[in-house]
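Right, one structure below, let's go through it.
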Amino acid sequence: MLEKTFEPNAAEPRLYAQWEDAGTFQPKDDPQAETYSIVIPPPNVTGSLHIGHALNNTLQDVLIRYHRMLGKAVLWQPGTDHAGIATQMVVERQLAAEGNISRRDMGREAFIKRVWEWKEESGGTILNQLRRLGASCDWSRERFTMDEGLSKAVLKVFVELYEQGLIYRDKRLVNWDPHFQTAISDLEVENREVDGHFWRFRYPLADGSTYKFPIAFDEDGQATEWEERDYIVVATTRPETVLGDTGVAVHPEDERYAGLVGKTIRLPIADVEIPIVADEHADPEQGSGAVKITPAHDFNDFMVGERQGLPMVNLFDREARLISEITDEKVDGLDRIPAEWRGLDRFEAREKLVARMDELGLLDGIEDRKVQQPFGDRSGVVVEPFLTDQWFVKADVLARDAIAAVEDGRTDFHPKNWEKTYFEWMRNIQPWCISRQLWWGHRIPAWYDEDGNVFVAESEAEAVAKAGGRALTQDEDVLDTWFSSALWPFSTLGWPEETDELKRFYPTSVLVTAFDIIFFWVARMMMQGLHFMKEVPFPDIYIHALVRDEHGAKMSKSKGNVIDPLELVDEFGADAVRFTLAALAAQGRDIRMSKDRVEGYRNFGTKLWNAARFCLMNDCLPDPEFDPKSVKQTVNQWLLGEAEAATSAVAQGLETYRFNEAASAAYRFVWNVFCDWHLEFAKPLFNGEDEAAKAETRATTAYVLEVALKLLHPFMPFITEELWAKTAGPEGRDSLLIVADWPQPQGLANAAAQDEMNWLVSLITEIRKLRSEMNIPAKARPAGLAISGDAALAERLKRHSALICQLARLDSIALADTAPEGSAQIVVSETTYALPLEGVIDFDAERTRLDKEIEKTAGEISRLEKKLSNERFVANAPADVVAAERAKMADYAAQKDALEAARARLG
RNA sequence: GGGCGCGUAGCUCAGUGGGAGAGCACUACGUUGACAUCGUAGGGGUCGCAAGUUCAAUCCUUGCCGCGCCCA
């Protein structure tokens, strides 16, 4: 006998070990079997499980378990990502907390050793947490982006792309994080609106000449007053860059400045002459219409500089301080910086610059203003556009086929609208800066000789050979983490080796991820997969929602609204957490997670548990001889049809990534069909005399319980596996549920049985309603009389008499010619049923109740009459719709007649 | 400024061109051992607002209002 409730905390680790020990997480060794594979979005090795991971991995596990039950050879490839900046940051913090020396004092080799030690020690945390959710990954194949094999893939990809001219080194503006002192990609920059200022400065014309500048206008916008000026006003939000200006731009059609283009101004403080150029970047409507151009410190200005041939002048060092020595004589503007300012932080430099301009009488004004400022998403400091030598990928070339693949349907997004986001970004893709000035990561396989010539090769020996034996030094930098995760779908399968796994499991079947890494990761896997494997990495991409708190706010540590999935697992069990996430995963909407919801699904698990308990108590055990197609009892025919319909609804939901529909189809079947009705129907049968019916019902019930366990297994693996074992019966089970066969359709739908059971359910429901409305005491067991029914009805009533009596609490149910005096009456399927209740109920109330019913029915009738008398409706609506409305109308009419007759009998 | 999405019961959310559903919460009543982590019954909605298309609009189109996210 089963315990009263399922104990998740005790059962989960046991069941998980059982699955793993049985080797069920590994793809089955059948070369004929169809394959199904998913690569896990590798979590950061530094990470711990948050609710977003829980959702992401639950959905993957649901798919994996479903396809495994379909008999496929299934691989769920797990692993972690080395997460360059994030991991380096964690370890540096540890060093600081221990009062140890910094990474630079420690030296590269010792530091990297230290990171590896930390990785070995606690890198497995998040994967162990996934096990608690029930994730059925093939742990024997766990990979890490810095494993030997994956690193080899990185080297090969880098060298090949370099040789194909798709990777190059260049001095360009990049987003520079002064805290980590590394370049970061534009995706790692967070633009935030902050309070700032607009400073207006006067730049004097170099030749001392003057021009007339309009300062007042009439209604038509015509200038009415002018002022004589010997300067141009420019406005900036970043005064610290003034010394790096190499031009002032005005719009080519801006008449106010037409005569000044080609002249020069004398840049204050720096004391150099810079030209006034005409460029469309200048917006005549904005400020004075003239803009300062600082090509080395602003992305827009960089482009203007290229167009106009303006030189680049760099002011800052790697820590975003004004330079105090020359590091690159081609661009550094040291001689523009007053000696006493050298080495100042950029924000101090700003103050000094503004103050000096004010002293010089060149500060034209200051306005408060909201400005967009870029912040490093990891460091939180203001990112500086900075001119450095970096490695770049020609992403636009790689993007071409990646765009085409989605356009022509080799890969589909689900929901489809995410392809817009993908296209938008891919079609405007910028060169991808892949070098990072970090130590933790894949070191760039490029070596330099004394003259700065570069040699790219997979090893130092090869590079030296290419250099003709000269001494070389390796590039100090490492690659962006996403460079290696872009290879994940094939590098984890053994590429560049031609392994069996690679042949069997690439392309993978689907990628499951959140929208926030479409650019970072999905797009790049598409590019690299197509380039190196010549095939898309996955035909389907399922994009799921973000998990928010119950009020819709983003979860964050600072808000304190973070829900820890493992706490939920502790409290309600992994099954409840998984089911909740799946049931709420409707396409295109964020998930609001609340404890109440999890509790509700925990209760659902308990309901299932108790249903199984009932089955065991009544000897409903699997019967190997049982043939669902040959059952005789209407109840059983109906139940089998319902089970089959539920099975296909669940399958349909999963095939189309509608997890919520799949989950709720299973839920409704188990609770509202199997428990609420079937088990209640079974009770009187089990207590009855008909041994054949009893035996058939036991076998059917056991069979359908198996179906229920199978349908729920992908969502609630633990409790279903436990019940699978506990309900095995003396024969035992052939296999664990995790590898049992998904139920196959057998054509069990039975319209006649369905019709009869629908009638039975509504008869019972109507009687219960009457009892409730008329306050008939629970103890009262009136006789039920069907007034003037035919032989078929008599047959039905006889067949289900025990069920009706028990579930509607009647003493008996039979045909009668007329309703006895003092009866309450209801109408079900056009038949009137009378319950003699003289002295039990208030007949005035019964009259009122019937009047209300009649009124309601009349309302429906007049609505339908109106519709059916509309010629255009009858002419234009599809015939089946018109017929259905007519049938409804006839039903209501018959019902109204019966109700009116019933009312008349009461007088 | 461009893009995506949302507004349906008190709350959290499904859903469909043919008079709207679930869970939770709420109210009343609970009887024969599956289950009180439960059962039975009930109340509760101008489907954001307006116009259009249609025989028919909560659903399609447009505009507006409110809210969220992404990109510039």
Open item on the list: Anything in the stretch A:278-334 that is hydrophobic (A, V, I, L, M, F, W, C) and part of a strand (DSSP E or B)? List them, or say none.
Closed with: A:278, A:290, A:291, A:293, A:316, A:322
Open item on the list: Among the residues of the stretch A:142-159, are any among the acidic types (Asp, Glu) and farther than 30 Å from residue A:736 by Cα?
Closed with: yes
- [ ] Could you check, for the stretch A:878-900, whether at least one of its residues is away from RNA strand B (no atom under 14 Å from the Cβ) and among the acidic types (Asp, Glu)?
- [x] yes
- [ ] Exactly one condition in (1) surrounded by 16 or more Cβ atoms within 10 Å (Cβ to Cβ); (2) of a type outside the set (A, V, I, L, M, F, W, C); (3) under 30 Å from residue A:59 (Cβ atoms) is not met by residue A:162; state its number.
- [x] (3)
Task: the stretch A:125-148: number of residues that are touching a residue at least 40 places away in the same chain (Cβ under 8 Å) and in a loop (DSSP other than H, G, I, E, B) - done: 8
Open item on the list: Going by what's in this entry, would residue A:767 be described as surrounded by 14 or more Cβ atoms within 10 Å (Cβ to Cβ), farther than 22 Å from residue A:689 by Cβ and away from RNA strand B (no atom under 16 Å from the Cβ)?
Closed with: no
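Conditions tested, residue by residue: (1) in the same structural domain as residue A:292 (by TED's automatic domain parsing); (2) part of a helix (DSSP H, G or I).
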position: A:150; (1), (2): no, yes
position: A:157; (1), (2): no, yes
position: A:160; (1), (2): no, yes
position: A:170; (1), (2): no, no
position: A:176; (1), (2): no, no
position: A:197; (1), (2): yes, no
position: A:226; (1), (2): yes, no
position: A:234; (1), (2): yes, no
position: A:240; (1), (2): yes, yes
Task: Single unsatisfied condition, residue A:567 versus (1) more than 8 Å from RNA strand B (Cβ to nearest atom); (2) in a helix (DSSP H, G or I); (3) at pLDDT 90 or above - done: (3)
- [ ] Could you grab me the full set of residues in the stretch A:577-594 that are without any contact (Cβ under 8 Å) to a residue 60 or more places away in the chain and in contact with a Phe, Trp or Tyr (Cβ under 8 Å, 6 or more places away or on another chain)?
- [x] A:580
Open item on the list: Checking residue A:698 against (1) closer than 14 Å to residue A:802 by Cβ; (2) at pLDDT 90 or above: exactly one of these is not met. Which one?
Closed with: (1)
TODO: Only residues that are buried (at least 18 other Cβ atoms within 10 Å of the Cβ) and either under 30 Å from residue A:227 (Cα atoms) or at pLDDT below 85 (or both): list them for the stretch A:279-304, please.
DONE: A:279, A:282, A:288, A:289, A:290, A:291, A:292, A:293, A:294, A:301, A:304
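Rundown of residues vs (1) touching a strand residue (DSSP E or B) at 6+ places or on another chain (Cβ under 7 Å); (2) not hydrophobic (A, V, I, L, M, F, W, C), yes/no style:
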{"position": "A:400", "(1), (2)": "no, yes"}
{"position": "A:413", "(1), (2)": "yes, no"}
{"position": "A:423", "(1), (2)": "no, no"}
{"position": "A:446", "(1), (2)": "yes, no"}
{"position": "A:456", "(1), (2)": "yes, no"}
{"position": "A:494", "(1), (2)": "no, yes"}
{"position": "A:497", "(1), (2)": "no, yes"}
Task: Lone qualifier among A:399, A:355 - being of a type in the set (Gly, Ala, Ser) and closer than 27 Å to residue A:428 by Cβ - done: A:399
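Conditions (1) at pLDDT 85 or above; (2) over 31 Å from the mean Cα position of the chain (by Cα); (3) not assigned by TED's automatic domain parsing to the domain that holds residue A:345, marked per residue:
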site	(1), (2), (3)
A:377	no, no, yes
A:383	yes, no, yes
A:387	yes, yes, yes
A:394	yes, no, yes
A:397	yes, no, yes
A:401	yes, no, yes
Open item on the list: Going by what's in this entry, would residue A:826 be described as within 14 Å of RNA strand B (Cβ to nearest atom), closer than 29 Å to residue A:684 by Cβ and within 55 Å of the chain's Cα centre (by Cα)?
Closed with: yes
Open item on the list: I'd like the residue in the stretch A:379-406 that is within 16 Å of RNA strand B (Cβ to nearest atom) and not aliphatic (A, V, I, L, M) and, out of all such residues, is nearest to residue A:520 (Cα to Cα).
Closed with: A:396
Open item on the list: Residues that are more than 15 Å from RNA strand B (Cβ to nearest atom), more than 19 Å from residue A:529 (Cβ to Cβ) and hydroxyl-bearing (Ser, Thr, Tyr): list the strands (runs of 3 or more DSSP E) wholly contained in the stretch A:415-519 that include at least 1 such residues.
Closed with: A:446-448
Open item on the list: Restricting to the stretch A:578-596, name every residue that is within 8 Å of RNA strand B (Cβ to nearest atom) and either touching a Leu at 6+ places or on another chain (Cβ under 7 Å) or of a type in the set (Val, Ile, Thr) (or both).
Closed with: A:590, A:591
Task: Which numbered condition residue A:600 fails, given (1) touching a residue at least 60 places away in the same chain (Cβ under 8 Å); (2) near RNA strand B (Cβ under 7 Å from one of its atoms) - done: (1)
TODO: Find the residue count for the stretch A:242-267, including only residues that are assigned to a strand (DSSP E or B), of a type outside the set (Ser, Thr, Tyr) and either without any contact (Cβ under 8 Å) to a residue 24 or more places away in the chain or closer than 22 Å to residue A:306 by Cβ (or both).
DONE: 6
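The values are calculated or read from the model by the stated rules, or taken from the named source; none is laboratory data. If you're wondering where the values come from, they're calculated on a predicted model, not measured in any experiment. Reconstructed Cβ throughout: ideal geometry from the backbone, glycine too, with neighbour counts over all protein chains shown.
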